[in-house]
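Engineer: Take this structure, written in structure tokens, and hold onto it; I'll ask about it next.
The values are calculated or read from the model by the stated rules, or taken from the named source; none is laboratory data. What you see is a predicted model; the values in this text were computed from it and never measured. Cβ placement follows ideal geometry from the backbone for every residue including glycine, while neighbour counts extend to all protein chains displayed. Surface areas here come from the heavy atoms of the whole protein model, side chains and all, with no ligands, DNA or RNA. Shrake-Rupley method; radii C 1.70, N 1.55, O 1.52, S 1.80 Å.
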Amino acid sequence: MRNAKFWATSMGIGTLLLATACGSGTGGQGATAQRSIGKGEGRVNIIAWAGYAEDGSNDPKVDWVHPFEKSTGCKVNAKVAGTSDEMVALMKTGQYDTVSASGDATLRLIAAKDVAPVNTDLVPNYRDIFSGLKMRPFNSRNGQMYGIPHGRGANLLMYRTDRVTPAPDSWKAVFDDAAKYPGKVTAYDSPIHIADAALYLMKTEPALGIKDPYALDQNQLDAAVALLKKQRRSIGEYWSDYQKEVTAFKSGDSVIGDAWQVIANTALAEKAPVKAVLPKEGATGWSDTWMISAKAAHPNCAYKWLNWIVSPKVNAQVASYFGEAPANAKACRETTDPHHCAIYHADDENYYRRVHFWTTPTRQCLDGRTDTTCTDYAQWTRAWTEIKG
């Protein structure tokens, strides 16, 4: 299941963010997309989020790795990473063929030329990927895909129905009104949480001129930081392990905060009186993309893995186990729960148009501004340390 995604680390981050800032316009163009798939090399080295490359060792009934190995002859060597920064650092070693990168890592990998463009013609199942996941700012560059979409989800507002009244429909509840719940507010422990504050300000403070929650100039970042410092006074704990958030809501240690749909589902299944909503301002969210190393030693097996992991049946297995909307539209007919895609809004593009997917902040403003310099992920990381004190 999904673990922490965004614990900021210092491992190579200065170099990585410099590459993103300097190369965001032409990043990744040093490599070319593979033209054909030959015989598999017998092995593929994978970096994945927990729950993305299951081989039955965690649950005998959950295994899509061994069928892949039997089908392709490519033995899987999977390493689970706990953070995006860890994934970026591991991909720089050149020892891994493919990675399930989130939006805060993808642009860094492209800019540093650590990943190659992907030839989608070599991934037959790509044609059935939801159109809303193709050619997005976090997985493409200059009209070229740099990966195959895996799945997506929104960061929702979750609250205990017995402790929070009236029912909130705005992020105001955890920002301007956070003091109503002293010590009982929770928030995701990551610099990317700054985007949640920026999104709220984008909708409520138009004079700031925020057009994209991941494109903040210094003044806009300062405003988001000020709001988060105000929120900090009411935070009981920041969460990264979603099971700990479930426990906190069950016990009442947390009564309101951001969460994923899978967290709400788990909490409800464990009898916690919670509800999760997409607030009227919209929300941030995540979408993971399978990318191929520019130095892949086993590129043919890597392409075979990309096609396998987004095939209808396997994509449905991952989505069901992990708790997310699948990327392949045909996967909705294969999920264990026939209502899975409705619960996760898999085919609801109107829903996801209200979701601003995690994207690496860069000095080149992602909202198209050219008359100013935006703040990058390194600055967000420093700001997050300041917010938490």
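Engineer: Among the residues of segment 280-331, what is the count of those that are without any contact (Cβ under 8 Å) to a residue 24 or more places away in the chain and either surrounded by fewer than 21 Cβ atoms within 10 Å (Cβ to Cβ) or β-branched (Val, Ile, Thr) (or both)?
Structural biologist: Final tally of qualifying residues: 2.
Engineer: Given the options Thr370, Thr375, name the one that is surrounded by 20 or more Cβ atoms within 10 Å (Cβ to Cβ) and not in a helix (DSSP H, G or I). Before the answer, list the steps.
Structural biologist: Working: Thr370 fails: surrounded by 20 or more Cβ atoms within 10 Å (Cβ to Cβ).
Only one candidate qualifies: Thr375.
Engineer: Give just the number: which of (1) assigned to a loop (DSSP other than H, G, I, E, B); (2) open to solvent by 40 Å² or more (accessible area, probe 1.4 Å); (3) at pLDDT 95 or above does Thr32 not satisfy?
Structural biologist: The one condition Thr32 does not meet is (3).
Engineer: Scan segment 246-274 for residues that are more than 22 Å from Thr381 (Cβ to Cβ), charged (D, E, K, R) and surrounded by 23 or more Cβ atoms within 10 Å (Cβ to Cβ) and jot them down.
Structural biologist: Passing the criteria: none in range.
Engineer: Would you confirm whether or not segment 129-148 contains a residue that is closer than 19 Å to Tyr352 by Cβ, open to solvent by 30 Å² or more (accessible area, probe 1.4 Å), part of a helix (DSSP H, G or I) and of a type outside the set (Phe, Trp, Tyr)?
Structural biologist: First, the residues of segment 129-148 that are closer than 19 Å to Tyr352 by Cβ: 129-140, 145, 147-148.
Adding the requirement that they be open to solvent by 30 Å² or more (accessible area, probe 1.4 Å) leaves 131, 134-137.
Now restrict to residues that are part of a helix (DSSP H, G or I): 131.
Subset that is of a type outside the set (Phe, Trp, Tyr): 131.
Taking every residue of segment 129-148 in turn, at least one turns out to be closer than 19 Å to Tyr352 by Cβ, open to solvent by 30 Å² or more (accessible area, probe 1.4 Å), part of a helix (DSSP H, G or I) and of a type outside the set (Phe, Trp, Tyr).
Engineer: Are any residues in segment 62-89 free of Cβ contacts under 8 Å to residues at least 24 places away in the same chain and assigned to a loop (DSSP other than H, G, I, E, B), and if so, which ones?
Structural biologist: Correct list: empty.
Engineer: For segment 90-110: of the residues being farther than 22 Å from Gly153 by Cβ and assigned to a loop (DSSP other than H, G, I, E, B), which is most open to solvent (accessible area, probe 1.4 Å)?
Structural biologist: Among residues in segment 90-110 that are farther than 22 Å from Gly153 by Cβ and assigned to a loop (DSSP other than H, G, I, E, B), the one most open to solvent (accessible area, probe 1.4 Å) is Gln95.
Engineer: Collect the residues in segment 111-125 that are of a type in the set (Asp, Glu) and either under 24 Å from Ala89 (Cα atoms) or open to solvent by less than 10 Å² (accessible area, probe 1.4 Å) (or both), keeping them in residue-number order. Walk me through how you get there before you give the answer.
Structural biologist: Keep residues of segment 111-125 that are of a type in the set (Asp, Glu), which gives 114, 121.
Scanning segment 111-125 gives a single hit, Asp114.
Engineer: Within the set of pairs 6+ apart or on separate chains, which have a first residue in segment 167-178 that is closer than 14 Å to Ala283 by Cα, a second that is among the polar types (S, T, N, Q) and outside any helix (DSSP H, G or I), and C-beta atoms under 9 Å apart?
Structural biologist: Sorted first by the residue in segment 167-178, then by its partner, the pairs are Val174/Thr186; Val174/Ser234.
Engineer: Which ones in segment 332-352 are in contact (Cβ under 8 Å) with a residue 60 or more places away in the chain and either among the basic types (Lys, Arg) or in a helix (DSSP H, G or I) (or both)? Steps first, answer last, please.
Structural biologist: Filtering segment 332-352 down to residues in contact (Cβ under 8 Å) with a residue 60 or more places away in the chain leaves 343-347, 349, 351-352.
Listed by number, the residues that qualify are Ile343, Glu349, Tyr351, Tyr352.
Engineer: To continue, here is another question. Return a yes/no flag: does segment 278-290 have any residue that is assigned to a helix (DSSP H, G or I) and aromatic (Phe, Trp, Tyr). Let's see the steps before the verdict.
Structural biologist: Taking segment 278-290 and keeping what is assigned to a helix (DSSP H, G or I), we get none.
No, segment 278-290 contains no residue that is assigned to a helix (DSSP H, G or I) and aromatic (Phe, Trp, Tyr).
Engineer: Can you tell me which of Ala78, Ala48 is modelled with pLDDT of 95 or more, open to solvent by 30 Å² or more (accessible area, probe 1.4 Å), among the hydrophobic types (A, V, I, L, M, F, W, C) and touching a strand residue (DSSP E or B) at 6+ places or on another chain (Cβ under 9 Å)? Step through it out loud before you land on a result.
Structural biologist: Working: Ala48 fails: open to solvent by 30 Å² or more (accessible area, probe 1.4 Å).
Exactly one of Ala78, Ala48 is modelled with pLDDT of 95 or more, open to solvent by 30 Å² or more (accessible area, probe 1.4 Å), among the hydrophobic types (A, V, I, L, M, F, W, C) and touching a strand residue (DSSP E or B) at 6+ places or on another chain (Cβ under 9 Å), namely Ala78.
Engineer: Which one of Thr360, Thr335 is modelled with pLDDT under 95 and either among the polar types (S, T, N, Q) or surrounded by fewer than 20 Cβ atoms within 10 Å (Cβ to Cβ) (or both)? Walk me through how you get there before you give the answer.
Structural biologist: Values: Thr335 fails: modelled with pLDDT under 95.
Thr360 is the lone residue from the list that is modelled with pLDDT under 95 and either among the polar types (S, T, N, Q) or surrounded by fewer than 20 Cβ atoms within 10 Å (Cβ to Cβ) (or both).
Engineer: Taking only segment 51-75 into account, find how many residues are surrounded by fewer than 16 Cβ atoms within 10 Å (Cβ to Cβ), of a type outside the set (Asp, Glu) and over 14 Å from Trp308 (Cα atoms).
Structural biologist: Residues that pass the stated criteria total 5.
Engineer: Got a number for residues in segment 291-310 being more than 20 Å from the chain's Cα centre (by Cα) and not in a helix (DSSP H, G or I)?
Structural biologist: Adding up the residues that qualify gives 5.
Engineer: Between a residue in segment 372-389 that is at negative phi and any residue that is modelled with pLDDT of 95 or more and hydroxyl-bearing (Ser, Thr, Tyr), which pairs come within a Cβ distance under 9 Å, given they are 6 or more apart or on different chains?
Structural biologist: Cys374/Tyr214; Ala383/Thr375; Lys388/Tyr238
Engineer: So which helices (runs of 4 or more DSSP H) stay within segment 163-252 end to end and still have 2 or more residues that are of a type in the set (A, V, I, L, M, F, W, C) and over 30 Å from Trp49 (Cα atoms)?
Structural biologist: On the way: elements: 194-204, 218-232, 242-251.
So the answer is 194-204, 218-232.
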